[in-house]
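We did not get these values from a lab; they are worked out from the coordinates using the rules stated. Keep in mind it's a predicted model, so treat the numbers as computed, not measured. Cβ: placed from backbone, ideal geometry, glycine included. Neighbour counts: every protein chain shown.
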């Protein structure tokens with residue numbers, strides 16, 4: 001089993017983390033989309049669509065969310081993220097929850113990519129793990145922002161949208177594995193070589209209570 005196959009793709013850990021969060025706190029999840037078709041090469045990444053298993057899991061994830069929290073959903077402009085958000089919303093609404101689809105947020109795709117064509121070419125020429133090459137500073141800033149800058153930008157935008165919601169609200173940002181992996185490593189110090197890849201419907205859970213923002217992925221937590 002390789003790193004990208006770890007987990008069952010149903011978001012159980014995320015649902016558990018939301019369930020035990022302070023009811024008065026704002027909660028947000030940086031969530032990877034549901035299971036998709038396989039693809040080879042970064043140049044083919046945009047076209048990979050959800051598979052039937054992923055669509056069913058996204059809807060079930062929505063059913064599993066606490067209906068006591070009003071739900072707001074944002075998604076990457078990529079179609080599999082939009083479909084994941086729609087299915088989560090359908091499941092949640094069907095379970096009796098109050099849901100608001102907020103639409104696409106461009107930062108969830110990857111604003112840290114400065115030169116997409118150069119990134120694809122460099123990934124082809126890189127031996128081994130291109131993500132590690134990036135995270136360890138091996139990619140010029142003219143192609144990709146440094147890992148910590150990319151992560152900080154994601155967290156800042158998520159927090160800003162959290163603060164627009166009432167206490168007790170849940171906001172889900174449906175995004176991609178690279179975004180979450182950068183945040184998980186930069187904020188929580190969790191390397192994918194050690195903990196595994198981010199599974200489908202897995203992600204980092206944020207809670208905002210007063211002036212305190214905390215981040216959690218499974219047993220790892222940090223205050224920001």
Point to revise | Order by protection proxy (mean Cβ within 10 Å, highest first), peptides 147-157, 212-222, 94-104 | key: 147-157, 212-222, 94-104
Practice item. Consider the candidate values (i) 71, 46, 21; (ii) 76, 33, 29; (iii) 50, 40, 30; state which one is Cα extents along the principal axes in Å computed from the structure displayed. Key: (iii)
Practice item. Specify the residue with the greatest mean-square fluctuation among 70, 146, 23, computed from a Gaussian network of the chain linking alpha-carbon atoms under 10 Å apart. Key: 23
Check your understanding: For the stretch 101-224, what is the Kirkwood estimate of the hydrodynamic radius, computed as the reciprocal of the mean inverse distance between distinct Cα atoms, to one decimal in Å?
Key -> 15.5
Practice item. Identify which of 50, 163, 188 has the largest mean-square fluctuation in a Gaussian network model of the chain, with springs joining Cα atoms closer than 10 Å. Key: 163
Review point. Out of 64, 137, 110, any idea which swings most in a Gaussian network model of the chain, alpha carbons joined below 10 Å?
Key: 137
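For a footprinting-style exposure proxy, rank 131, 31 by other Cβ within 10 Å, fewest first. Walk me through the intermediate numbers first.
Details: 131 20, 31 29.
Least to most surrounded, the residues fall as 131, 31.
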Revision key, fill the gap. The rounded separation in angstrom of the Cα centers of the stretch 114-161 and the stretch 67-103 is 28
